[in-house]
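The values are calculated or read from the model by the stated rules, or taken from the named source; none is laboratory data. Everything numeric in this text was worked out from a predicted model, so none of it was measured. FYI the Cβ positions are ideal-geometry reconstructions off the backbone, even for glycines, and counts take in every protein chain you see. Quick note on the areas: whole protein, heavy atoms, side chains included, nothing else; ligands and nucleic acids left out. Shrake-Rupley method; radii C 1.70, N 1.55, O 1.52, S 1.80 Å.
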Amino acid sequence: MRHRIAVVGGGPAGLTFARVLHGRGHPVTVLERDPGPDARPPGGTLDLHEGLGQRALEKAGLLAEFQQVSRPEGQAMRILAPDGTVLRDWQPRPEERANPEIDRGQLRDLLLGPLDVRWGQGVRQVVPGARDGVLVRFEDGREETFDLVIGADGAWSRTRTAVSPVTPRYTGVTFVETSLDDVETRHPDLARLVGDGAVAVYGANRALVAQRNSGGHVKVYAQFRAPLDWHTDLDLADGAAVRARLLALFDGWAAPVLDFVRRGTVFTHRPLYVLPVSHTWTHVPGVTLLGDAAHLMPPLGAGANLAMLEGAELAESLATGSGDPDEAVRDHEERMWARAGRWAELTAAGLERLVSPDPTQALALFDEVQPS
């Protein structure tokens, strides 16, 4: 197989696809709009599941390296009531490696390896059916054709428009993210509270979650139900004003819990969007999608895992198939739609329970999924 293949997007899905294909001796062009791997913060931590993300890394020959840098202790989970009472405190067994954590930046660097990524290559449009293949129009005005274009360009995918008119919709739930650095030295009380993994506090239609990353870094997420325009009277760049609004929203919660917000300095607004649970499309020769571009769902631990496995499986199929990439793509889409649809239903229901008028729903959900 020596088809011209491009993957749009250098996130977990696109890089896993490219790494597996590269490992089987087939060239692939990775197009990434960021000017370099460190152009922006890579995001928080991911738990890679044994049968999903870890399986994808195994197909890429990277599982042993992942095990060296991942954090099995990060599977720990503590749940508090808004008054600070400890309701649950799960600690992983020493041998537990079902869902170890890894920072997104570490995962990106692991997957990049020998890949030749074309940084600063923002894609404006993907046009199938061109005379010489699939036409890719870049933001700088250039054009290039490929035999197959894989859209792994996230929630607001430019590639998606080539196969589907559907766009993401707001879930009604917003996250506001902040972070704390050097927690062991600067915030030892909060370091103890978050432990090795995460601490979550659930109230009526709102929650606070703090999660440990590597290097003494903790990500904090204030989660709440609100209209999309909840912040129209607020300057989101004004950290003090955002902090004050959040503290008012969580008024009455225990002081140690609110300290995760009080000590944050920079706040990032992240409204949650999703694609329809049953999102599919009529197959278009030469173009397909992976990950959030295909099945954007609430961030409850499934999305990146599914995206990586999809990328690995599609790359394997292309490398070992009959030579007709369209046949491999059709099979990939059917498998992806069935599996992603199940997970989309689960995560949509999970979000409803985690940010719910009845906080006991969140506790019950964790009781169902955590090991006894």
For this session: Would you point out which residue out of Glu327, Glu333 is in contact with a helix residue (DSSP H, G or I) (Cβ under 9 Å, 6 or more places away or on another chain), in a helix (DSSP H, G or I) and either modelled with pLDDT of 95 or more or open to solvent by less than 30 Å² (accessible area, probe 1.4 Å) (or both)?
Result: Glu333
Seminar exercise, completed: Requiring at least 2 residues that are of a type in the set (A, V, I, L, M), the helices (runs of 4 or more DSSP H) wholly within region 173-252 are 188-194, 239-249
Exercise. Do we find a residue being modelled with pLDDT under 95 and touching a Pro at 6+ places or on another chain (Cβ under 7 Å) anywhere in region 247-263?
Worked result: no
Exercise. Would region 140-158 turn up any residue that is surrounded by 17 or more Cβ atoms within 10 Å (Cβ to Cβ), farther than 30 Å from Gln370 by Cα and in contact with a His (Cβ under 7 Å, 6 or more places away or on another chain)?
Worked result: yes
Exercise. Going by the conditions given, is Thr174 out of contact with any strand residue (DSSP E or B) (no Cβ under 8 Å at 6 or more places or on another chain) and of a type in the set (Val, Ile, Thr)?
Worked result: no
For this session: Would you mind finding the one in Ala237, Ala207, Ala241 that is open to solvent by less than 20 Å² (accessible area, probe 1.4 Å) and over 17 Å from the mean Cα position of the chain (by Cα)?
Result: Ala207
Problem set entry | Unmet criterion (only one of (1) open to solvent by 70 Å² or more (accessible area, probe 1.4 Å); (2) in contact (Cβ under 8 Å) with a residue 60 or more places away in the chain; (3) not hydrophobic (A, V, I, L, M, F, W, C)) for Glu95 | (2)
Seminar exercise, completed: When every residue in region 122-139 that is open to solvent by 30 Å² or more (accessible area, probe 1.4 Å) and at pLDDT 95 or above is compared, the one farthest from Leu289 (Cα to Cα) is Glu139
Problem set entry | Qualifying residues in region 4-47 (those that are part of a loop (DSSP other than H, G, I, E, B), in contact with a strand residue (DSSP E or B) (Cβ under 6 Å, 6 or more places away or on another chain) and of a type outside the set (Lys, Arg)) - the one most open to solvent (accessible area, probe 1.4 Å) | Pro35
Exercise. Can Leu318 be described as open to solvent by 60 Å² or more (accessible area, probe 1.4 Å), among the aliphatic types (A, V, I, L, M), under 26 Å from Gly51 (Cβ atoms) and in contact (Cβ under 8 Å) with a residue 12 or more places away in the chain?
Worked result: no
